[in-house]
Structures are given as structure tokens and as C-alpha cells.
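Input: a single structure, listed below in C-alpha cells.
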Amino acid sequence: MKSATIVGAGLVGSLWAVYLSKAGYKVTIVERRSDLRKADISAGKSINLALSERGWKAFKTVGVEKEIEPIAIPVHGRTMHDLEGNLTYQPYGQEGQAIYSVSRAGINCKMMDIAEKYGNADIKYHQRCIDADLEKGIVYLEDTQTGEKTQIQSDVVFATDGAFSAVRYNAMQKLDRFNYSQKYIEDGYRELLLPANEGGSYKMEKNRLHIWPRGRFMLMALPNEDGSFTCTLFMPHENHESSFDKLKTKGDVDRFFKTTFPDFYEMMPDVADVWEDHPLSSLAIVRCYPWTHGKVALMGDAAHATVPFYGQGMNCGFEDCSVMWELMQKHNEDWDKVFSEYQTLRKPEGDAVQDLSLHNYYVMRDYVADPEFLLQKKLERRIEQLYPEQYMPLYSQVSFSHTPYSVALKKGEEQDAHMKKIMQEHDVARLIENGGIDSLIHDIFGKS
């Protein structure tokens, strides 16, 4: 029987097990940690993830989307909270379009269930990868509890073990001409859990991403199933008037939230008491190439770890699965051909999603509070409604289509320049107010 080893029982590894099983492979997943499903995980244990079209496609391809739907909360747009507590709403796409908030731990547990149920995968825990023979498809392991050393050999090996991949570090990075870079951004993040009201209801509008944009930093919140919100403060580690190193005491934290996020503070006056519940964490972008060698391929964060500001890290990893699957059919499982085309196709997309993620951080922490930016978004939304065949905003291309990330990035830059030109040449605010905007749009796009 054909055999495959997957290193890492995270989101991508668990889903990829289902694909491989469908193709007739006996799948073994080795995981360094213990079984996440047996741990006591509170909601908001980790940044919530945003599931969008690319992720749903990867689920639908192997028929597991019904397993995910119950834990995915639709989020139709952003609600911005200013210093006075005023709210501004910006829809993500057209009517009915949404991204879906899922708890990282919740979806990871569900994906492991799916790997066992639909992928017949054998998941072995407490197995740390200490080396790999890329040519022979051997993974060398050490049991983290007993110290016992074992090895597992299979026809193909997939490293889905995250940004700090042990397979990549112990084997790939020792290859001649292997390119690797790791870049930490200046900002870190700390999580907070905003509990539900006593009756279990939400303290804010449920189907929204809530953002408190403050220029150089921001607070954001995504809903959980139990009425709580997972909130994340993104801010410089140091060297700024508002930075994590300034918040040394409970009093510092209390004052900071009271003055910077007053409406949030009203909902969570005990914020300083729970400040230490979650660690201060760092954010990095990892780039490397090649992604394959011999019988081994990197997938997901192991190949293209990004920062979380477009909600596309998980979706990009899931898209790796659907693309690899298509290539398996195309090349009749000739893995040399599959791997060669996979990395050629996906490397530009990994780079592009990282560029998009950084760009969207500036959008969320800064631009969303800018009236000019919001006006431009209104204009773009109306153009898309009137000329959907000609115009799809960048966010929609990324979140609601399968347009390659690299194409969306390039097209988005061109569209942005075009929109800015229109706004320079016409009084868009007045035209929207007096109902004249449609005729301007018809004049510009009707001739195309």
C-alpha cells in the first residue's frame, strides 16, 4: 500500500491527510505536542482565524465542509471604534459575502477529528522530528516523554509543522543553495478574552470584526461561539509612545485602556487583572526556497509563514492542499513532477500573501480611520455593484475569489492608483451625497 508521513497535526497537516487517504495512501501523522483535544482550552486561547473562500474550496473538494460549518461564525464586515466610541461600519464584500471567525484551537481539534474519521490517519503524539533523510523519505523521531528514538519511512513526506518547521530546520536548511529568511516585524501581540454577558449574549455586534484603529497600533476582536470575543492588541514592542514595554504595572495597563480604548474599557473594566493571562508574542515572516527535495515537501506555514493581518495564512495553507491535489491528478502521482510544479506555482503566491498581509496591517491600524480611505471604499463598492465583470476590489479578490494572490496584489495596486486619480479629479463625496455618483461611474466604466 502507498504510504505517506505528515509531520505536524495542525490545520494543514490534518486536512492534507484526508486528501492523501482519498488517493489511497496509508497516512501517519507525527506530532510533537500532546493531543490538543484532551487539553483544557478556553475560547480565545489564540488569535481567531478567518476562514474564507480558498479554505472552503479545500474543504469542499474532499467533502468535509459540513464538519466545519457549525464552528464558523460569519463576519460580514469591520466595525471601527473611534476614541469617542463612535462606530463606523465597512462591509467586506457584496450582500451575503462573509469571512468566518473560527477559534484556532477549535478548528484544530475539529481538523484532527476529520483526519482520523475521513483520512483514517494514525496520529502519533510526543514525537519530535530530529532529522530527515530527504532522498529516502525517512523521518527520525524522538519521543519527548521517554526519549526513545525511532524512524519512519514512507513513499512521500509532508512537513506541515509550522513557521519553525523541524523538518526544514534539521534537513532542508542544510541543503546547498537553500534560501531562507526570517523577519520579525516591530510589533507584537497580546490576547484578551472579552467574556459574554451574564446570559451568554454578546457585548458587541456578533457578526463583525471589531477594530479600534489608533494609527501606529490597534486592538481587534473576533466573535467566539460562546458569546465571548477573542481580542488582540497589536502594538510595537518598544521605541514608541504606545508600546508594550511601557505597560509594566496593572496601573499602566488600566490607564492605557481607559484613555485609548474607552468604550472597550467600559465593557471590560478588569482588563488589567487579566492582562497576564496570555503571553506577549512576536510576529515573523518566513521565506524559503526550494519547498521540495527528494521525497519531501513543505506546506503551509513551514513554506510561507506570514503575519495574521489578512486572515490568509490558514487559507493559503489550505489552498496548498487543493493545488497539490490537482497536480497529483495532472501528473498521475509522479511526485517528482508534482513537487516541481507545486513549488514553481506556489512560491510566488506565498510571497504575495506575505506582502498583502503587511499591507493590510497598515490598512487596519491606520487607514480605516481615514475619511478619504472610507470614501474610496464606498466608491469601489458602488463600482463593483454596477460593473462586477470589470471591477473587483482587492479585498474581494483575496477573500471571495480564487484569483492568485500574486495577480490580486498587482491588480490591486493598479486599481488603487486608478481610484485615487478619480477622487482627485472629481468631488466624489458630493456626488455620493447628491446621487450623481452612478452617472460618473457609467461615464468611466461604461466605455470600457
### Summary
Out of (1) of a type outside the set (S, T, N, Q); (2) surrounded by 13 or more Cβ atoms within 10 Å (Cβ to Cβ); (3) closer than 26 Å to A9 by Cβ; (4) at pLDDT below 95, the one R216 does not meet is (3)
### Task
Only residues that are β-branched (V, I, T) and either in contact with a Leu (Cβ under 8 Å, 6 or more places away or on another chain) or under 19 Å from I99 (Cα atoms) (or both): list them for region 358-407, please.
V363, V368, V398, T403
### Query
Looking only at region 3-31, which residues are among the charged types (D, E, K, R) and within 20 Å of G313 (Cβ to Cβ)?
E31
### Query
Assuming G313 fulfils every condition listed in (1) more than 24 Å from the chain's Cα centre (by Cα); (2) more than 19 Å from P290 (Cβ to Cβ) apart from one, which condition is it?
(1)
### region 362-413 - residue that is hydroxyl-bearing (S, T, Y) and touching an Asp or Glu at 6+ places or on another chain (Cβ under 8 Å) and, of those, nearest to N315 (Cα to Cα)
S399
### Verdict on L356 being more than 27 Å from G137 (Cβ to Cβ) and either of a type in the set (S, T, N, Q) or in the same structural domain as L15 (by TED's automatic domain parsing) (or both)
yes
### Query
So which of G77, G93, G106 ends up being under 20 Å from the mean Cα position of the chain (by Cα), at pLDDT below 90 and outside the structural domain of A17 (by TED's automatic domain parsing)?
G93
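This table checks each residue for (1) assigned to a strand (DSSP E or B); (2) crowded, with 16+ Cβ neighbours inside 10 Å; (3) in contact with a helix residue (DSSP H, G or I) (Cβ under 8 Å, 6 or more places away or on another chain).
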position	(1), (2), (3)
M220	yes, yes, yes
T230	yes, yes, no
P269	no, no, no
V274	no, no, no
### Any chance D122 is assigned by TED's automatic domain parsing to the domain that holds S14 and not aromatic (F, W, Y)
yes
### Task
Go through (1) in contact (Cβ under 8 Å) with a residue 24 or more places away in the chain; (2) surrounded by 16 or more Cβ atoms within 10 Å (Cβ to Cβ); (3) part of a helix (DSSP H, G or I); (4) not small (G, A, S) one by one and return the number of the condition E372 breaks.
(2)
### Query
From the list D155, D113, D122, which residue is surrounded by fewer than 17 Cβ atoms within 10 Å (Cβ to Cβ), among the acidic types (D, E) and more than 16 Å from K26 (Cα to Cα)?
D113
### Subset of region 298-335 [surrounded by 24 or more Cβ atoms within 10 Å (Cβ to Cβ) and assigned to a loop (DSSP other than H, G, I, E, B)]
M299, G300, T306, Y310, G311, Q312
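The values are calculated or read from the model by the stated rules, or taken from the named source; none is laboratory data. Please read these numbers as outputs of a predicted model, since none were measured by experiment. Because the Cβ atoms are built from the backbone with ideal geometry, glycine has one as well, and the counts that use them run over all protein chains shown.
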